[in-house]
Amino acid sequence: MHGLINRSLQCFLRDTYGVTVWAQIASAAGVGVEGFEPLLTYDDSITETLVATAALHLNRPRDTVLEDLGTYLVSHDNLQSLRRLLRFGGVSFVDFLHSMEDLPEHGRLGLPDLDLPDFTLIEQGQGAFRLYVTPMIAGTGHVMVGLLRAMADDYGALVLLEHGGQDQGREVISVHLLDKNHADGRRFDLAAAER
Amino acid sequence: MQILDGLGLSPASLSQLMPMHIGLCPQGRILSLGRTLAHLLQGQDPIGKAFLDVFSLRRPAGLHSAKDLQNLPGQRLQICLRDREKTEPLRGLAVPTAQGGLLINLSFGIRLIEAVRQHALTDADFAPTDLAIEMLYLVEVKNAVMQELRRLNLSLQGAKVAAEEQALTDTLTGLRNRRALEARLPSLLAQGVDFGLMHIDLDFFKQVNDTLGHAAGDHVLRHVAQSLTIETRSSDLVARVGGDEFVVVLPGLSGKERLGQIAQRIIDRVSQPVEFEGKLCRVSASIGLTLSTGYGATEADRMIADADAALYASKHAGRAQARFFSALG
């Protein structure tokens, strides 16, 4: 698994539950407290162990932990650069949904060795979509539910999201767009603020 | 409208395809203008005005009349807004139209990011076929990756410095170790720097270890290390090279008198009893000295061997004293 993914898990646990909790989970999962380097690659089993250990330690269902991770990736102040990169996907939430299919390619533009889930979007009409995700670990779809919910907020769209279980090895998310202009959403300037 | 008859495109359609185009009639007046260029002109209405009144050509230079414009097709263009000639030029290409006019299409080129910021451009200002948004995306990805690389490099650099420091340090006393000495001596000799070298061996250290235990011995070694640090300069190399053996290298010091004084001060300090858990530990120090003059760049080993010989002469002469190797001669 790419270090970037393990690193996001680490930052999510650290920023949400504090350094001490992260240190406890890391230690229980056999990971050094310094965690992961985002540009290195780690054995896949480490990610699985870390997620399972976090759910156990936090006494929360695995799916909820993963969904919170997805929300964190878009909404936390420390990850504004990721939110910006996702917003480049389109000017509306529907544009963004369609851009999910290009997400792995977009990721590889920056990090050629980055593996991301594969997405297939089926438009069913009247604001209904089904998004198929090839999981990287069991429950990847729940990360996407959290991420899509936060992105809908970001665009100011009102959506109903539901994890629809498995279908031939892929996880299915149903998306119902109720109102694409429900709220103002967050501002997105094409050019990043000058450093 | 006339320039577009061949394809039947309205200026609005053309503007969607090419939001930064300029359509000119044969007289060099503006017939049509893409919406992004219109945005850049900030409310001016340039339709019907002479192209050269609204824009200026930076490349090719020397074109001043509408007639000159017929030379534009096939050339690389750099065009500025007339009232803002200090801003970065747009780049583009002109092609002749069937009606004898020109169709010019422009782009921000490499200055895209600055332009987006300066003119608050949005997704709608670019044609969907334009890769401008992808370029902006790539720049942000690149910056994020570079930032991570820089952070990783700094942390690796820090770890490398710490590991090197650790590899050259004696863990018990915090002094340098034999590896550090073996790395430093040949380079000092190669540089031709004059220096003095002391080989120090503790007297009666074995008795302390045997009667008071290893903890007392370690305490004494740390105390001796402290004494050596106090009696030397920070630029000197002080290394523990064996159980109770130390080497001090003093760059720039090659006077026997001065080195002899330092050696004596070390002996005096080390000879003071050290208290450990209520008991007094007594050791002293025997020292052999040698000077770098007379050794070639590859003779570090001989230099240490000579200091060692001088040290044993000190031991045989009754301990707690210092001798120079050359003095044996």
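Take every Cα pair under 8 Å whose residues are at least 6 apart in sequence, average their separation, divide by the length of chain B, and the relative contact order is 12 percent. Set against the 2.2 N^0.38 Å expectation for a compact globular protein, the range B:3-152 has a Cα radius of gyration ratio of 1.15. Ranking B:Leu14, B:Gly217, B:Thr298 by how far each Cα lies toward the positive end of the dipole of chain B (charges on Cβ) leaves B:Leu14 at the top.
Value of Rg to Rh for the range A:38-114, rounded to two decimals, is 1.02; Kirkwood radius and Rg both from alpha-carbon coordinates.
Among the protein heavy atoms of the protein assembly as shown, carbon and sulfur supply 52% of the accessible surface, probe 1.4 Å, non-protein parts ignored. Accessible area of B:Glu148 (1.4 Å probe, protein heavy atoms only, ligands and nucleic acids ignored): about 60 Å². At a probe radius of 1.4 angstrom, the accessible area of the range B:178-328 per residue rounds to 47 square angstrom. Of all lysines in the structure, the ones whose alpha carbon falls short of 30 Å from that of B:Lys86, not counting any fewer than 8 places away in one chain, are B:Lys49, B:Lys67, B:Lys142. Over all Cα atoms in the range A:75-179, the spread is summed up by Rg and Dmax: 13.2, 38 Å. Accessible surface buried by the B/A pair amounts to about 1900 Å², both sides summed, 1.4 Å probe.
By the equivalent-ellipsoid construction on the alpha carbon gyration tensor, the protein assembly as shown comes out with semi-axes of 74, 38, 16 Å, ordered largest to smallest.
Per-residue accessible area (protein heavy atoms, 1.4 Å probe) orders A:Arg108, B:Arg150, B:Arg265 as B:Arg150, B:Arg265, A:Arg108, starting from the largest.
Computed from backbone phi, the HN-Hα couplings of the range A:29-34 come to 8, x, 10, x, 5, 6 Hz, rounded to whole numbers (Karplus: 6.51 cos²θ - 1.76 cosθ + 1.60, θ = phi - 60°; Gly and Pro given as x).
Per residue of chain A, what 222 nm ellipticity follows from adding -39500 (n - 2.57) for every DSSP H run with n ≥ 4, rounded to the nearest 500? Please report the intermediate quantities before stating the final value.
Values: 8 runs with 93 residues, N = 195.
Calculated mean residue ellipticity at 222 nm is -14500 deg cm²/dmol.
Residues whose amide H comes within less than 5 Å of that of B:Val241, counting only those at least five positions distant or on another chain, are B:Phe246, B:Val247 (H built at 1.01 Å from N in the peptide plane). Solvent-free Debye calculation, one equal scatterer per alpha-carbon of the range B:135-221: log10 I(q)/I(0) at 0.18, 0.20, 0.24 Å⁻¹ equals -0.96, -1.03, -1.14. Could you state the number of Å between the C-alpha centres of the range B:152-229 and the range A:117-195? One Cα centre to the other: 61 Å. What lysines sit close enough to B:Lys279 to cross-link, taking a C-alpha to C-alpha distance under 22 Å and skipping anything fewer than 8 places away on the same chain? Hits, sequence-local ones excluded: B:Lys206. Each helix, a run of at least 4 DSSP H residues, gives -39500 (n - 2.57); summed and divided by the residues of chain B, these come to -13000 deg cm²/dmol at 222 nm.
Normalised by 2.2 N^0.38 Å, where N is the number of residues, the C-alpha radius of gyration of chain A stands at 1.02.
Sorting B:Phe324, B:Phe51 by accessible area puts them as B:Phe324, B:Phe51; the probe is 1.4 Å, largest comes first, and only protein heavy atoms count.
The values are calculated or read from the model by the stated rules, or taken from the named source; none is laboratory data. This is a predicted model, so every value here is computed, not measured. Note: ideal-geometry Cβ built from the backbone for every residue, glycine included; neighbour counts use all protein chains shown. SASA here: full protein model, heavy atoms, side chains in, ligands and nucleic acids out. Shrake-Rupley method; radii C 1.70, N 1.55, O 1.52, S 1.80 Å.
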